[in-house]
Amino acid sequence: QEGTVLHIHQHLDIFVDGQPVAVPAGVGINQAAQFISPIHVHDDTGVIHVESPQVQTSTLGQFFDVWCVKFTKDSIGGYVATGDKTLKVYVNGKLYESDPRTLALEAHQEIVIAYGTDKELPNPILASYSFPAGE
């Protein structure tokens, strides 16, 4: 069951070579086993739910671990920075220059992950997301 002590949301946008990649519905949720991870998504809108039975810091790297997608400072899935292709992470419109796996998930962040050339970066880089009322 979902935790109720800590309940926050973030929005994640992923771009590969300039094209949006959706976060699939159900990451961190196994209905057959009646299991839900403290970090999960319900639908394909990109809203991450951190719902924990205790106050704790969760990270972007932990979300990717739950998703079972490789994520490092230089790669996402099978896409690895090389030549003019880079991996950049933005939080609320600002470049995040530390290891993105360690990015602490906080309430109402807009997180953009962009793999590709500088010309393929989304323009503008999203700085906020309109969360539904109550989120």
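The values are calculated or read from the model by the stated rules, or taken from the named source; none is laboratory data. Here the structure is a predicted model, which means the values were calculated and not measured. Note: ideal-geometry Cβ built from the backbone for every residue, glycine included; neighbour counts use all protein chains shown. Accessible surface is based on the protein model in full, side chains and every heavy atom, while ligands, DNA and RNA are left aside. Shrake-Rupley method; radii C 1.70, N 1.55, O 1.52, S 1.80 Å.
Values computed for the structure shown
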quantity: Within the accessible area of the chain (1.4 Å probe), percent carbon and sulfur; calculated: 51 percent
quantity: Karplus-derived 3J(HN,Hα), 6.51/-1.76/1.60, for each residue of segment 31-47, Hz, glycine and proline x; calculated: 5, 4, 8, 6, 10, 9, 6, x, 10, 7, 10, 8, 9, 9, 7, x, 7
quantity: Average accessible surface area per residue within the chain, 1.4 Å rolling probe, Å²; calculated: 55 Å²
quantity: Peptides 121-132, 82-93 ordered by average Cβ neighbours within 10 Å, highest first; calculated: 82-93, 121-132
quantity: Ranked by how many other beta carbons lie within 10 Å on average, peptides 69-77, 107-115 from highest; calculated: 107-115, 69-77
quantity: Residues residue 70 and residue 34, FRET efficiency given R0 of 35 Å [Cβ-Cβ distance, rounded to 0.05]; calculated: 0.80
quantity: Whole-number Å³ per residue for the convex hull built on Cα positions in the chain; calculated: 102 Å³
quantity: Cut-off 11 Å between beta-carbons: net charge of the residues surrounding residue 22, Lys and Arg +1, Asp and Glu -1; calculated: -3
quantity: Virtual paramagnetic centre 7 Å along Cα→Cβ of residue 81, amide N under 14 Å, in segment 88-130; calculated: 88-90, 95-102, 113-118
quantity: The chain, helix-only ellipticity at 222 nm - DSSP H runs n ≥ 4, -39,500 (n - 2.57), divided by all residues, nearest 500; calculated: -1500 deg cm²/dmol
quantity: Positive minus negative residues near residue 97 (Lys, Arg vs Asp, Glu; Cβ under 13 Å); calculated: +2
quantity: Which of 90, 39, 10, positive extreme of dipole for the chain (C-beta unit charges); calculated: 90
